[in-house]
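Each remark here refers to the structure printed beneath this line.
Coordinate-derived values only; no laboratory data. It should be emphasised that the depicted structure is a prediction, and the values quoted were computed from it without experimental measurement. Neighbour counts are summed over all protein chains in view; Cβ atoms, including those assigned to glycine, are modelled from backbone coordinates with ideal geometry.
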Amino acid sequence: MSSAKYNRIVLKLSGEALAGSQGFGIKPEIIKSVAAQVKEIYDLGVEIAIVVGGGNIWRGKIGSEMGMDRANADYMGMLATVMNSLSLQDSLENLGVQTRVQTSIEMRQVAEPYIRRKAIRHLEKKRVVIFAAGTGNPYFSTDTTAALRAAEIEADVILMAKNNVDGVYSADPTLVPDAVKYETLSYIEVLQQGLAVMDSTASSLCMDNDIPLIVFSVMEEGNIRRVVVGENIGTIVRGKE
């Protein structure tokens with residue numbers, strides 16, 4: 001079995017990836033597949049933290065566009081990420097993977113509050129930690145959560161698992177057939193070209209803290225393991241040049 005290239009990772013999963021083709025909610029087959037892929041790298045001894053989006057249930061931005069108060073709409077989105085996180089925790093523990101959910105908004109009956117030192121201790125004890133409820137603040141995306149938590153726990157890399165693309169392209173490949181796929185990029189290039197990798201706040205945070213990012217497709221079985229052992233798939237966004 002190949003050895004892992006990274007010791008500690010943050011895996012960023014979009015909420016939409018959990019919905020599959022149905023586009024809404026949680027598709028059991030998808031979340032079981034993701035859990036099985038996480039177990040593959042867990043068995044390699046990798047320390048795994050996960051950030052899950054909530055777009056399969058609710059998006060704060062859409063609520064705001066409907067006329068809702070933006071802060072309230074964003075808090076609803078944070079609760080959606082908790083639902084996804086608890087579902088993923090259940091799937092992982094059914095596979096024998098010890099998992100802890102930590103939330104940025106306190107809800108002690110269902111999850112631990114986020115405490116950085118406790119999260120790191122869980123990772124050292126080879127427990128998967130799922131960071132839910134975003135940063136706990138409105139106006140910040142789960143991309144920014146992934147960047148912030150990666151910096152806090154000193155992760156080696158952020159793995160951004162996509163459901164609709166297999167890397168970073170010069171334009172939306174579903175709309176522009178001749179869009180060019182990048183193998184490597186710098187965060188400066190991402191920001192200057194306005195590429196839809198992650199939002200600018202998250203990109204800047206990763207760049208300032210020299211955290212590499214790998215963007216790849218999660219829909220192909222085994223891709224998470226392939227990335228972790230160093231196979232050249234997806235797009236690598238480098239930290240400082």
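Across the cross-link table entries Lys5/Lys125; Lys125/Lys162; Lys32/Lys181; Lys5/Lys162, which are compared at the Cα atoms, the separations over 23 Å belong to Lys125/Lys162; Lys32/Lys181.
Each Lys and Arg Cβ is given +1 and each Asp and Glu Cβ -1; about its Cα centre, the range 79-127 then shows a dipole of about 340 debye. With both residues required to sit in the chain, DSSP beta bridges show an antiparallel share near 15%.
Here the range 1-93 is described by how far its Cα atoms reach on the three principal axes: 53, 25, 19 Å, from widest to narrowest. Net charge of the neighbourhood of Glu124, taken over other residues with C-beta under 10 Å away and scored Lys/Arg +1, Asp/Glu -1, is +4. Rounded to the nearest 20 debye, the dipole magnitude of the range 10-65 is 160 debye, with +1 charges on Lys and Arg beta carbons, -1 on Asp and Glu beta carbons, and the Cα centre as origin. Ignoring lysines fewer than eight residues from Lys118 along the same chain, the ones with Cα atoms less than 17 angstrom from its Cα are Lys126. Taking Tyr114, Tyr139, Tyr187 as the candidate residues, the one with maximal mean-square fluctuation in a Gaussian network model of the chain, Cα springs under 10 Å, is Tyr139.
According to the calculation over all Cα-Cα pairs in the chain, the P(r) per 10 Å bin from zero is 8, 33, 40, 17, 2, 0 %. Distance distribution note for the range 60-110: the fraction of Cα pairs above 15 angstrom is 55%. What you get for the range 1-159, charging only the Cβ of Lys and Arg (+1) and of Asp and Glu (-1), is a dipole of about 320 debye around the Cα centre.
All C-alpha pair distances within the range 99-237, sorted into 10 Å bins from zero, spread as 11, 37, 36, 14, 2, 0 percent across the bins. Take the alpha carbon atoms of the range 140-210, find their center, do the same for the range 49-126, and report the distance between the two centers in whole angstrom. Measuring centre to centre over Cα atoms gives 21 Å. Only helical runs count toward this figure. For the chain, summing -39,500 (n - 2.57) over DSSP H runs of n ≥ 4 and dividing by all residues gives -11500 deg cm²/dmol at 222 nm. A dipole drawn for the chain from +1 and -1 charges on Cβ atoms has a positive end, and of Leu92, Ser200, Gln22 the residue lying farthest that way is Leu92.
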